[in-house]
Amino acid sequence: MLALLMTLLLSLAVPRQPAAAGPDLRELLTVSRGAAPALCALAADGIATGGWGGGWDAPAQPIASDMRKRLRSLRKSALSAEETQALVGGLGAADACERHVAATLLGRAEARSLAGDVSRRLASNAAPERAAALVALGMMEASSEVEPIARVLKDASPDVRANAAWALGRIGAKSAAPAVEAALRDGEPTVRAAGAVALGRLESHGSVEALLRALKSDESPEVRRVAAWALGQVEERSSASGLAAALKGDSAAEVREMAAWSLAQVSARDSVEALSAALRSDQSADVRETAAWALGELEVRATEPALSAALSDHEAAVRATAAWALGKMDLASAPAALVAAIKDADDEVRLRSAWALSQIGDPQAKGAVAEALRGEKSEKVRQAEIRALLHSGDLPPDVMKELMESKDPKTRAMAIRAMAGRQGPWPWPWPQPRPRPMP
């Protein structure tokens, strides 16, 4: 039960991973019952939001422990001999939770002086110990152990082979790229996926053809997805046609989404037709949104009709990103669909549309923006509309009077700055790349 608790809670510290099925919150409370204080404090810290008001700094915690203080000092102070012996020995523990914690603590300590001791665990007869040692070596970025890690890419255990590829990618061992590339031909999809991710982290230009083959023909959607991600990381223009083909024809939405993201990463301006087609007709809203984002990043004016049409998409996220993309195009005049979008039912769509109009600065849009401003309820959107009006000309007197009488102090301050001809801290929407570039 304790192993279940620790595995679950330690996994909460890994950001932006896809949600996985697991114990519900009632079971979490049940398995926490009777846990040792140090482990309970460590697990609870994994749940806490951190920062002021996050809960971890409350004066009277239900469990009092110095674990947090010791963890924070791991990178600053050397491990004691007893700690070293316990952690390295813990890699071979029979209990999975103990191996998990030992490997993670060794990695967090960044104790590269122990890399040799940890690396010798790769000769263990127990596959779980070898796999745990690779986690520690990867986390501590043990560049001195690249050769022994590369050797276990041929290990009998798929877990070990996958962890070896992951560790080499985390270490940044570019010399190991050919050996990692061989992992793309492994019989296990988890190993192939780990190899593709590692090649992306290594930015291995020599592996582009192998990654393109994986993107085109691997039977696993996850392998194809991370192969597309890796090609985006390598940023090799020659991969554009393969990525465009995946965007057009892959059966898995997550692969098409990543292909769209990577086309922007490789600056594939000759692929805007494929991106525009995906924006118009892909069945997945995530793919359409990422295609809109990619078109915004590529800044090709010829895609304005496709982006304007996307302002009628039934998904608000697609409309919002399309509006943002239009603001990136350096257009001479505002498309009619963008002007109309400042009355969209969704706050974020109106915000992005107002921002885009301010970037374009079309005087012909001034009347529509002023009208929208009069009825706008969201103060953040109102501020963006003020900026749009200023970039289109002067604020109408009746609009200025209404702004000066606003109940929101930020809006009144912005109106005063506008009267003085000064810029202010305007809303500046800037979508993050979607999907998140961390497979």
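Can Glu257 be described as surrounded by 24 or more Cβ atoms within 10 Å (Cβ to Cβ), among the acidic types (Asp, Glu) and in a helix (DSSP H, G or I)? Taking the combined requirement at face value, the residue satisfies it. In segment 295-304 there is no residue that is closer than 20 Å to Ala341 by Cα, touching a Lys or Arg at 6+ places or on another chain (Cβ under 8 Å) and polar (S, T, N, Q). Taking first residues from segment 340-369 that are within 16 Å of Leu307 (Cβ to Cβ) and partners that are of a type in the set (Phe, Trp, Tyr), the Cβ contacts under 9 Å between residues at least 6 apart in sequence or on separate chains come to Arg352/Trp324; Ser353/Trp324; Trp355/Trp324; Trp355/Trp426; Trp355/Trp428; Ala356/Trp324.
Based on what the data block shows, is Ser267 under 22 Å from the mean Cα position of the chain (by Cα) and not in a helix (DSSP H, G or I)? Let's see the steps before the verdict.
Numbers: under 22 Å from the mean Cα position of the chain (by Cα): yes; not in a helix (DSSP H, G or I): yes.
For Ser267, the condition - under 22 Å from the mean Cα position of the chain (by Cα) and not in a helix (DSSP H, G or I) - is met.
Conditions tested, residue by residue: (1) assigned to a loop (DSSP other than H, G, I, E, B); (2) modelled with pLDDT of 80 or more; (3) surrounded by fewer than 16 Cβ atoms within 10 Å (Cβ to Cβ).
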{"site": "Leu8", "(1), (2), (3)": "no, no, no"}
{"site": "Ala13", "(1), (2), (3)": "yes, no, yes"}
{"site": "Gln17", "(1), (2), (3)": "yes, no, yes"}
{"site": "Leu42", "(1), (2), (3)": "no, no, no"}
{"site": "Trp52", "(1), (2), (3)": "yes, no, yes"}
{"site": "Ser65", "(1), (2), (3)": "yes, no, no"}
{"site": "Arg75", "(1), (2), (3)": "yes, no, yes"}
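Hey, does segment 218-227 have a residue that's out of contact with any Pro (no Cβ under 9 Å at 6 or more places or on another chain) and among the hydrophobic types (A, V, I, L, M, F, W, C)? Within segment 218-227 (the criterion being out of contact with any Pro (no Cβ under 9 Å at 6 or more places or on another chain) and among the hydrophobic types (A, V, I, L, M, F, W, C)), the answer is yes, since at least one residue qualifies.
Among residues of segment 93-111 that are at positive phi, those with a beta-carbon under 7 Å from a residue that is among the hydrophobic types (A, V, I, L, M, F, W, C) at least six positions away or on a different chain give the pairs Glu110/Met140. What do you reckon, is Ser267 in the same structural domain as Ala227 (by TED's automatic domain parsing), under 17 Å from Gln233 (Cα atoms) and surrounded by fewer than 17 Cβ atoms within 10 Å (Cβ to Cβ)? Yes. Taken over segment 247-285, the criterion of being among the charged types (D, E, K, R) and modelled with pLDDT under 95 is satisfied by Arg269, Asp270.
Scanning segment 144-163 for residues that are farther than 13 Å from Val118 by Cβ and either under 29 Å from the mean Cα position of the chain (by Cα) or among the charged types (D, E, K, R) (or both) gives Val146, Glu147, Ala150, Arg151, Leu153, Lys154, Asp155, Pro158, Asp159, Val160, Arg161, Ala162.
Being in contact with a helix residue (DSSP H, G or I) (Cβ under 7 Å, 6 or more places away or on another chain), within 27 Å of Ala291 (Cα to Cα) and buried (at least 16 other Cβ atoms within 10 Å of the Cβ) is a description that does not apply to Ala177. Selection of helices (runs of 4 or more DSSP H) fully inside segment 140-245 by the criterion of at least 3 residues being over 23 Å from Asp270 (Cα atoms), out of contact with any Lys or Arg (no Cβ under 6 Å at 6 or more places or on another chain) and not charged (D, E, K, R) returns 146-151, 158-171, 177-182, 189-201.
The values are calculated or read from the model by the stated rules, or taken from the named source; none is laboratory data. Fair warning: this is a prediction, and the values are worked out from it, not measured in the lab. Neighbour counts run over all protein chains shown; Cβ positions are idealised from the backbone, glycine included.
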